Amino acid sequence: MAEPHRKAREDGRAGAVEELLAAAGLLRRRATEATNGPWWRPLDTRHKDIVLAPLPDGERGTWTDGVDPATGLRESCVVVKVPTWSTGRHSRSRSGRDLEYIALMDPEVGQGVAALLELAASEAQGDFDNDPKMTEKDLAERYAGPLTVAHLLLGDNRRTMP
């Protein structure tokens with residue numbers, strides 16, 4: 001019989017493991033639903049207000065097959081565009097840095113972070129299963145980094161929930 005202070009779920013999973021897996025699932029779902037990466041921010045003066053990605057397969061772009069005939073490369077699509085003021089100028093005071101960060105955190109990165117959360121969940125479950133004295137508090141301390149990421153992904157009310 002499980003000790004009460006261990007707080008194991010009926011299926012034997014620790015609460016920290018559940019949280020890590022839930023965050024990984026949310027991140028994978030969002031990454032799968034987003035435009036494929038890699039994302040990038042063009043630094044030319046004409047496109048300072050956007051983040052681009054390759055046009056997803058199966059989507060029609062400017063050309064029927066989605067390939068630019070001039071370059072032979074897959075067309076790009078806009079992933080994020082900064083709002084433009086009525087004067088025609090862009091709100092650039094922070095947007096450039098924000099766009100660079102958004103481009104860095106494309107869905108491929110999200111899939112990688114999800115894999116790290118799943119690995120942490122697997123290791124935490126192993127620790128919980130193999131050490132009868134391991135408590136939820138011990139897991140929270142040992143896996144503080146991954147659990148912080150999970151809390152941020154799952155617990156911020158400003159985010160759009162699944």
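The values are calculated or read from the model by the stated rules, or taken from the named source; none is laboratory data. Just so it is clear, the structure is predicted and the values come from calculations on it, not from any experiment. Here the Cβ positions follow ideal geometry from the backbone for every residue, glycine too, while neighbour counts run over all protein chains shown. For accessibility, only protein heavy atoms count, side chains too; no ligands or nucleic acids. Shrake-Rupley method; radii C 1.70, N 1.55, O 1.52, S 1.80 Å.
Restricting the first member to the stretch 126-154 and to residues that are without any contact (Cβ under 8 Å) to a residue 40 or more places away in the chain and more than 17 Å from G112 (Cα to Cα), and the second to residues that are in a helix (DSSP H, G or I) and of a type outside the set (D, E, K, R), the beta-carbon pairs closer than 7 Å and six or more apart or on different chains are D127/L139. If you check E59, E19 for being among the acidic types (D, E) and at pLDDT 90 or above, only one passes: E19. Going residue by residue through the stretch 73-81, is there one that turns out to be acidic (D, E), modelled with pLDDT under 80 and over 30 Å from A144 (Cβ atoms)? No: zero hits.
Reported count of residues in the stretch 37-53, each being farther than 11 Å from L99 by Cα and open to solvent by less than 40 Å² (accessible area, probe 1.4 Å), is 2. Taking residues in the stretch 30-50 that are touching a residue at least 40 places away in the same chain (Cβ under 8 Å) and at negative phi, and partners anywhere that are open to solvent by 30 Å² or more (accessible area, probe 1.4 Å) and assigned to a loop (DSSP other than H, G, I, E, B), not one pair has Cβ atoms closer than 6 Å while being at least 6 places apart or on different chains. The residue list L117, L152, L99 contains one member that is open to solvent by less than 60 Å² (accessible area, probe 1.4 Å) and under 16 Å from A22 (Cβ atoms), which is L117. Determine whether the stretch 88-102 contains at least one residue that is modelled with pLDDT under 85 and over 27 Å from the mean Cα position of the chain (by Cα). Checking the stretch 88-102: at least one residue is modelled with pLDDT under 85 and over 27 Å from the mean Cα position of the chain (by Cα).
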